[in-house]
1. Can you send over the carbon and sulfur percentage of the accessible area for the chain, probe radius 1.4 Å, protein chains only?
2. Heavy atoms of the protein only, probe of 1.4 Å, neighbouring chains included. What is the accessible area of ARG244 in Å², nearest 10?
3. Filter the chymotrypsin sites (Phe, Trp or Tyr not before Pro) in the range 235-279 down to the DSSP loop ones having no more than 15 other Cβ atoms within 10 Å, then list what survives.
4. Find which of LEU142, ILE128, PRO178 sits farthest along the positive direction of the dipole of the range 123-312, computed with +1 on the beta-carbon of Lys and Arg, -1 on that of Asp and Glu, about the Cα centre.
5. In debye, nearest 20: dipole of the range 123-312 around its Cα centre with unit charges on the Cβ of K, R (+) and D, E (-)?
6. Just tell me, in residue order, which DSSP H segments of the chain are both 18 angstrom or longer along the helix axis (alpha-carbon based) and at least 1.0 in mean Kyte-Doolittle hydropathy.
7. For ASP51, ASP183, give me the order by solvent-accessible area with a 1.4 Å probe, most accessible first, ignoring ligands, DNA and RNA.
8. Sorted by average packing, counted as other Cβ atoms within 10 angstrom per residue and highest first, what order do 60-66, 114-120, 145-151 take?
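The values are calculated or read from the model by the stated rules, or taken from the named source; none is laboratory data. All values reported here derive from a predicted model rather than from experimental measurement. Heads up, the Cβs are rebuilt from the backbone with ideal geometry, glycines too, and the neighbour counts pull from every protein chain shown. When the accessible area is computed, the model is the full protein with side chains, heavy atoms only, and any ligands, DNA or RNA have been set aside. Shrake-Rupley method; radii C 1.70, N 1.55, O 1.52, S 1.80 Å.
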Amino acid sequence: MIAALNWGIALLVLGLAIWTIVARDTFAAIVGFVAYGLLLTLAWVALRGVDVALTEAAIGGGLTGVLLIRAAAKLRRTEAASNAEHPGVPTRVAAALVAACVTAALAVAVLALPDPAPTLAPETAANIAATGVGNPITAVLLAFRAMDTLLEAIVVLFALIGVWSLAPDRLWGGHPGPRHQADPNGVLAFLARLLPPIGIIVGVYIFWIGADLPGGKFQGATILAAMWLLAMMAGLADTPPVSRTWLRLALIAGPVVFIAIGAAGVAFAGAFLGYPDGLAKPLIKVIEWALLPSLAVMLALIMAGAPERTAR
């Protein structure tokens, strides 16, 4: 039964991937992409990667889907004109050949791996207790792969800067996105008053248990960002001007604390992002506490878009 379910998920994931590529309509492709992300969530759950499943559902299928929908809405005016100019047969054949070659190269790389495949799992399992963290995913991400996690946070910050750079010079320093208005007695306003307190508790809880159970900073930050966005969409809150000092400090606080702890590791543990004996878990918690608000603000402002209004 479980094998049949796994095969079904695999076939659905493959089918949705193909649908997302061949769909002519932008909105249809985005719907396929969101469904693809949700099915990948199920696949990660089946592989017992609950942390990865939570991240995929929140960011891969959630925030990324909303971001693509917003981009499609802005491009709708030009989509009809672009659809009228279909690429020729040679272009399609060339694209298909390139895609087939890449697929074949990936298949050869996977199938050519030695049996058993090289792995650091035994070394990781033997040393993971030294971190004092009960959740192996958190231990790996902030101890054995801490450099990757630091770079991921910095990449999100650079993505936000890239979004802001799309604003005209005269609007730089203003409010990201439009000022939303909604019926104060409507359903959206009702949900924006009801859900944020619950969402904040859930987001903080998922973050809090991340050291010992599935959860963590990225998952919690995504929920907090979603609650802020809901309040913005209902007109109950506005985006802060990007020129505000407190906003910029909030954005860089997490990465700066991460880098500072990593630099301290050179002096006290002999390696960048090394932890002294007995202090691994407290330092990991400090890093996560610093990253949570920074990531929440980054994700929310990326969704809000480039500055579109001057600062009041």
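1. 74
2. 100
3. PHE272
4. Selected residue: PRO178.
5. Dipole size: approximately 500 debye.
6. What comes out of the filter, once short or polar helices are dropped, is 2-22, 26-46, 89-111, 146-164, 187-208, 217-233, 245-268, 280-304.
7. Listed by decreasing accessible area, they come as ASP183, ASP51.
8. Order by mean packing, descending: 60-66, 145-151, 114-120.
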